[in-house]
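First the structure, in the form of structure tokens, and then the observations on it.
Nothing in this text is a laboratory measurement; each read-out follows from the coordinates by a stated rule. This is a predicted model, so every value here is computed, not measured. Virtual Cβ from ideal backbone geometry, glycine too; neighbours counted across all protein chains shown.
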């Protein structure tokens, strides 16, 4: 079935593979989300649809970058902007969620998507040389149900942590823990029955109780999107 979805044989469905990393989690800063921006992901900065300001920490980054996310109605959208190095470039569209960015070259500096202004809150980030965001956060688009089929987390050698899969439905309630585990090294869970997430549900993978400072953690999950009728 997964192959048929990936091939486009099964209509109105798609597979979303999300992956993220946080390379520096300390005992006095956790819990932190698994994204390259560090700290807890700033969901509150995207409470309403926002113009995105794309900027680099290097004047050398002047190629195009594609921003993927959701519009004000939670429909999928993307926009490609041409970076201007240290000068922020504004999108023409507004985004209520940003969950992926890709750069069409090898970026020299750190590429940032900020809200409010070119010095505002960072909502997505590409580390130097990566050309791709690393963020284990996602929101199910409008008109779809998401079915979470697997989930894994890895912490660097000889360390351990508590990992929490948080989900927040679009009903005014807070984030709730949907899956939780303690791990030393690598942890993976395959859902016997996929975890159903309704449209506009936010997903945030967080790590707590790291056993040592400077902990590096990565996370991945696969989600099947099926259009609701």
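Between residue 104 and residue 29, the distance separating the two model label sites (each 7 Å from Cα on the Cα→Cβ line) works out to 3.4 nm. Counting 0.36 nm for each residue step from residue 193 to residue 64 and taking away their Cα separation leaves a gain of 42.4 nm.
Site pair residue 73 and residue 209 shows an inter-label distance of 4.5 nm when each label is modelled 7 Å from Cα along Cα→Cβ.
For region 1-110, count all C-alpha to C-alpha pairs, find those more than 21 Å apart, and express that count as a whole percent of the total. Above the 21 Å cut-off, region 1-110 has 52 percent of its Cα pairs. Remind me, relative contact order of the chain in percent, using alpha carbon pairs under 8 angstrom and six or more residues apart? Worked out over the chain, it gives 27 percent. For residue 15 and residue 186, a Förster radius of 25 Å and the Cβ-Cβ distance give a FRET efficiency of 0.70, rounded to the nearest 0.05.
Exposure proxy ranking for 16, 25, based on other Cβ atoms within 10 angstrom of each Cβ and starting from the fewest, stands as 16, 25. The equivalent ellipsoid of the chain has semi-axes of 26, 24, 16 Å, largest first, where each one is the square root of 5 times an eigenvalue of the Cα gyration tensor.
With the alpha-carbon atoms of region 90-201 aligned to their principal axes, the span from lowest to highest coordinate is 42, 40, 23 Å, starting with the largest. The simple spin-label model puts a point 7 Å past each Cα toward its Cβ; for residue 216 and residue 43 those points are separated by 2.9 nm.
If a spin label sat at a point 7 angstrom from the Cα of residue 2 along the line to its beta carbon, the backbone N atoms of region 175-204 nearer than 13 Å would be those of 189-192, 194.
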